[in-house]
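Worksheet for the structure shown next.
The values are calculated or read from the model by the stated rules, or taken from the named source; none is laboratory data. In this text the structure is predicted, and so the values were computed from the model without any measurement. Glycine gets a Cβ as well: all are built from the backbone with ideal geometry, and neighbour counts include every protein chain shown. Each accessible area value is taken on the protein alone, full model and side chains, heavy atoms only, with ligands, DNA and RNA left out. Shrake-Rupley method; radii C 1.70, N 1.55, O 1.52, S 1.80 Å.
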Amino acid sequence: MTTLVVRGIGRLCTCDPARDDPPGVLEKAALVVRDGFIAFAGGERELAGADLPDDAETLDVAGAAVIPGFVDSHTHLIWLGDRSDEYARRAAGESYESIAESGGGIRATVAATAAGDIDTLVAAAFPRARRMLRLGTTTVEVKSGYGVFPDAELRQLDAANALGAAGHVPDVVTTYLPLHSAPPGDRNAYVDEVVATGVREAATRAYFTDVHCEQGAFTVEECERVLVAARAHGMGMKVHADQLSRCGGARLAARLGAVSADHLEMAGDTDLLALAGAGVVATLLPGASLVLGGPPPPGRRALDCGCVVAIATDCNPGTSYSESMPLMCSLAVAEAGLTPAEALVAATAGGAAALGLDDRGVLRRGARADFLVLDSDRWIDVAYHLGGNVVARVFKGGRDVLG
Ligand SMILES: [Zn+2]
């Protein structure tokens, strides 16, 4: 049994959704961690009479703010190939369509990634995962979706699981994304194969199945067939929904009881109300909105409609090459109408909800001891310090993982 006592916390952000004062701040607080879980989260004075073991380790953070580790619930972290040239061409005015016609865009990533073996995929993703950890992410969702060919999709999932086991990275939660970009050849045969065998083989490797419901990607009907098959294999469901057009993705997520609907830039209030009514988390991806120059994610509207809201990086090589949850918090405030407190809760407890996890993203008794010590006594600096990194120390399961 190991015990860690964290004293001198100026402000402890519990981010506990059960409290109605986001981000649920306790002043002059302390944490007691036993075997990786929080045994106490409260005022430091309440610790005076506590029965602590003689060999308890003590850490005095000298007035710093402490927050939960970020839960980044939507990423495409594993890819091969380089699209920096495409970034420059788009900045110079070339259209995405023109770039795609010349072999660029998501097809370039698919071609490179599908050819990679597991070791190569892990080696490419590892530095990104390390950057995430340094920026305070302690749990990250990782999707397939750049394999397209069935064996390459499963290889991406195997690589994601291997990445999570590598150590010195965030915990990895895997998602199978078979309907991402249109496959080469007969699309009906492709969807049939995903339904018949893909989902079953992915179910031993991934917690969720995700679909890209969009004009130019996959229809509501195709997405529903795959999600229903995934549900039958015990997998949770996610939907890339209503990003570029209001095509029915959010309503599909609500109807099937998905764990989250992600993007939602074009979703209407009735769609958001349906998500709220069905308990589907609305995930905002403000990095992609910024890079694509489209409408902002509907953060304020989703909250006003009663949705639980998450913020994620959407880390990918085309539209949001960022590992930074603090930056996403800043963008959610600037673009999506969240308050800094709402953004912090969405990036922690909200992300956990979007992964169906109730053991993290909050700092309360019984939760995993995934927490961050900031180099500031102000939690608001997470969002306010635009593009900065105010994370000084990262604890995962009660262990200092950067030291
Ligand atoms: Zn995505």
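Residues with beta-carbon under 12 Å from that of Glu335, excluding Glu335: net charge, scoring Lys, Arg +1 and Asp, Glu -1? Don't skip to the end; give the middle numbers.
Numbers: positive: Arg300; negative: Glu265.
For residues surrounding Glu335, the net value is 0.
Using a 1.4 angstrom probe on heavy atoms only, work out the carbon and sulfur share of the accessible area of region 70-354 in %. List each step's numbers first, then the result.
On the way: 5520 of 9840 Å².
Roughly 56 percent, rounded to a whole number.
Would you mind calculating the gained length between Ser84 and Val228 on full extension (0.36 nm times residue separation, minus the Cα-Cα distance), in nm to one decimal?
Numbers: separation 144, 0.36 × 144 = 51.84 nm, distance 3.72 nm.
Difference between extended and current length: 48.1 nm.
May I ask you to derive the FRET efficiency for Thr270 and Ala18 from their Cβ-Cβ distance with R0 = 25 Å, giving the value to the nearest 0.05? Numbers along the way, then the final one.
On the way: r = 28 Å, r/R0 = 1.14.
Rounded to the nearest 0.05, the efficiency is 0.30.
Could the peptides 264-270, 199-205, 152-158, 236-242 be put in order, highest first, of the mean number of other beta-carbon atoms found within 10 Å of their residues? Don't skip to the end; give the middle numbers.
Numbers: 264-270: 19.3, 199-205: 17.7, 152-158: 22.3, 236-242: 28.0.
The packing order, highest mean first, is 236-242, 152-158, 264-270, 199-205.
For region 145-201, what does the equivalent ellipsoid look like in terms of its semi-axes, each the square root of 5 times an eigenvalue of the Cα gyration tensor, given largest first in whole Å? Don't jump to the answer; show the numbers that get you there.
Details: eigenvalues 131, 21, 13 Å².
That gives 26, 10, 8 Å for the three semi-axes.
In the neighborhood of Asp158, defined by Cβ-to-Cβ distances under 15 Å, what is the net charge if each Lys or Arg adds +1 and each Asp or Glu adds -1? Intermediate results must be reported in sequence, preceding the final value.
Values: positive: Lys143, Arg155, Arg205; negative: Asp117, Asp119, Asp151, Glu153, Glu201.
Every neighbour counted, the sum reads -2.
Evaluate the charge dipole of region 133-207 about its Cα centre and quote only its size in Debye, nearest 20, assuming +1 on the Cβ of each Lys and Arg and -1 on the Cβ of each Asp and Glu.
On the way: 6 positive and 9 negative charges, 51 e Å.
For region 133-207, the charge dipole is close to 240 debye.
For region 70-354, with every protein chain kept in place, what is the accessible area per residue (1.4 Å probe, Å²)?
On the way: 9840 Å² over 285 residues.
Each residue of region 70-354 exposes 35 Å² on average to a 1.4 Å probe.
Cβ neighbours within 10 Å, averaged per peptide: list 214-221, 372-379 in order, most packed at the top. Kindly include the intermediate steps, with their values, before the conclusion.
Numbers: 214-221: 16.5, 372-379: 20.1.
So the peptides 214-221, 372-379, ranked by packing, come out 372-379, 214-221.
Post the alpha-carbon centroid distance, region 270-334 to region 224-248, in whole angstrom.
Taking the Cα centre of region 224-248 as reference, the centre of region 270-334 is 17 Å away.
Could you give the Stokes-Einstein D for region 208-277 in µm² per second, using the C-alpha Kirkwood radius, 25 °C, 0.890 mPa s? Intermediate values should be presented prior to the final figure.
Numbers: Rh = 11.5 Å.
Translational D for this selection: 213 µm²/s.
Calculate for the chain the 222 nm mean residue ellipticity that helices alone would give, adding -39,500 (n - 2.57) per DSSP H run of length 4 or more and normalising by residue count, nearest 500 deg cm²/dmol.
Details: 16 runs with 137 residues, N = 403.
So the calculated ellipticity at 222 nm is -9500 deg cm²/dmol.
Within a Cβ distance under 10 Å of His168, other residues only, what is the Lys/Arg minus Asp/Glu net charge?
On the way: positive: Arg130, Lys396; negative: none.
Here the count lands on +2.
Using +1 at the Cβ of each Lys and Arg and -1 at the Cβ of each Asp and Glu in the chain, identify which of Ala353, Ala91, Tyr384 lies farthest towards the dipole's positive end.
So the residue we want is Tyr384.
For Asp119 and Tyr384, calculate 0.36 nm times their separation in residues minus their Cα-Cα distance, and state this gained length in nm to one decimal. Before the final figure, lay out the partial values.
Numbers: separation 265, 0.36 × 265 = 95.40 nm, distance 3.84 nm.
So the chain would gain 91.6 nm between Asp119 and Tyr384.
Using a cut-off of under 18 Å, list every residue of region 331-354 whose amide N is near the label point 7 Å from the Cα of Arg300 along the Cα-to-beta-carbon line.
Taking a point 7 Å out along Cα→Cβ of Arg300, the residues of region 331-354 whose backbone N falls under 18 Å are 331-344, 346.
Work out how much length Ser95 to Asp400 would gain on full extension: take 0.36 nm times their residue separation and subtract the Cα-Cα distance, in nm to one decimal.
On the way: separation 305, 0.36 × 305 = 109.80 nm, distance 4.52 nm.
Length difference between fully extended and current span is 105.3 nm.
With an 8 Å Cα cut-off and a minimum separation of 6 or more residues, compute the relative contact order for region 84-217 in percent. Don't skip to the answer; put the middle values down first.
Values: 174 pairs, mean separation 29.6, N = 134.
Computed over region 84-217, the figure is 22 percent.
Under a point-charge model restricted to the Cβ atoms of Lys and Arg (+1) and Asp and Glu (-1), what is the dipole moment magnitude of the chain relative to its Cα centre, in debye to the nearest 20? All intermediate terms of the calculation are to be shown ahead of the outcome.
Values: 35 positive and 52 negative charges, 62 e Å.
Here the chain has a charge dipole of around 300 debye.
Of all the Cα-Cα pairs you can form in region 339-403, what percent are over 18 Å apart?
Working: 881 of 2080 pairs.
The answer is 42 percent, as a whole percent.
Hey, what's the Cα Rg ratio for region 152-283 versus the globular rule of thumb, 2.2 N^0.38 Å? Walk me through the numbers before you get to the answer.
On the way: Rg = 14.7 Å, N = 132, 2.2 N^0.38 = 14.1 Å.
Region 152-283 yields a ratio of 1.04.
Kirkwood Rh over Cα pairs of the chain into Stokes-Einstein at 37 °C, 0.692 mPa s: D in µm²/s? If you can, show how the numbers build up before the last one.
Numbers: Rh = 21.3 Å.
Calculated translational D: 154 µm²/s.
Taking each pair of distinct Cα atoms in region 249-401 once, what is the resulting Kirkwood hydrodynamic radius in Å? Write out the running numbers ahead of the final one.
On the way: mean 1/r = 0.0635 Å⁻¹.
Result for region 249-401, one decimal place: 15.8 Å.
Please name which of Ala196, His180, Leu157 has its Cα lying farthest along the dipole of region 70-354 towards the positive end, using unit charges on Cβ (Lys, Arg +1; Asp, Glu -1) and the Cα centre as origin.
Leu157
Once the Cα atoms of region 45-102 are picked out, what are the Rg and Dmax in Å?
25.4, 70
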